[in-house]
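A short worksheet on the structure shown next.
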Amino acid sequence: ALAKYTAEQEITDKRKWGRYCGRKIIGPNSNKIVILSLYAPVISQKPGSMWSRQLTGMQGIPVAKRGRDPLDQCLKDIGEVIGDLQGQGYKIIVMGDMNVNILKDDNKRKMMYTWASKLGLLNPYIEACGGQGQEIQQEQITYTWIKGKGDKKQQSIIDYFWVTGSLISNGIVKATAISTEQLAHSDHRPVLLQLDAGRMLGINKNADADM
């Protein structure tokens, strides 16, 4: 249903590292949304891994624009894209495998939270659990990544959304959920976001002028 509002220009990773892609969507009242899919690198010392290849590729980036590591570089690069889009009046929805466990209080989580805060982005799941700065309680946890069984079982929340804060405060984001069911034999669980698309794009009578 949203296809007819999709702008022709596709957004792709400017470094051609395959980390993100997306589409611009413009409603009839010029309400602008961009949806980005992100696959952030995970730490790996294996030769030929995504992390190792990007670490090598970073050596060709000017020092002033070079991150501390591939994750930092990923956030810097997509942050620049998001900043440019916000300057054009777009609201942002970023989704994907961030490879940062929001249940783990470490430097990676702090880095991501700082990145999101600077861009005015909120995580609907975190907001539903009390907001950033509040620890997610055990009864609120549904893991998005589960691997192994028994004593070797590993699980975390590394897949989620970041959205422009006003999409939450103005009720455009209706709900978010994490599936408890495995899909297509993946060790990742689907993460869902319910949106009021009509109001988001200004295509119904109750559309808000300001999202």
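Structure data summary
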item	result
Residue that is nearest to the chain's Cα centre (by Cα), among those in the stretch 9-46 that are polar (S, T, N, Q) and farther than 22 Å from Asn107 by Cβ	Ser37
Near pairs, Cβ below 8 angstrom, 6+ apart or cross-chain, from the stretch 154-178 (closer than 14 Å to Gln194 by Cα) to any residue that is assigned to a strand (DSSP E or B) and among the aromatic types (Phe, Trp, Tyr)	Thr176/Phe161
Extreme residue, surrounded by the fewest Cβ atoms within 10 Å (Cβ to Cβ), among residues of the stretch 127-153 that are under 23 Å from Leu36 (Cα atoms) and without any contact (Cβ under 8 Å) to a residue 40 or more places away in the chain	Gly131
Among (1) touching a Lys or Arg at 6+ places or on another chain (Cβ under 8 Å); (2) open to solvent by less than 40 Å² (accessible area, probe 1.4 Å) - the single one Asp187 does not satisfy	(2)
Flag if Lys149 is of a type in the set (Lys, Arg) and closer than 30 Å to Pro62 by Cβ	no
Residue ranges of strands (runs of 3 or more DSSP E) in the stretch 1-87 with at least 3 members open to solvent by 50 Å² or more (accessible area, probe 1.4 Å) and more than 20 Å from Asn101 (Cα to Cα)	6-12, 20-26
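The values are calculated or read from the model by the stated rules, or taken from the named source; none is laboratory data. Small disclaimer: the values here were computed from a predicted structure and weren't measured. Note that each Cβ is placed from the backbone with ideal geometry, even for glycine, and that neighbours are counted across all protein chains shown. In case anyone asks, the SASA skips ligands and DNA or RNA and just uses the protein heavy atoms, side chains included. Shrake-Rupley method; radii C 1.70, N 1.55, O 1.52, S 1.80 Å.
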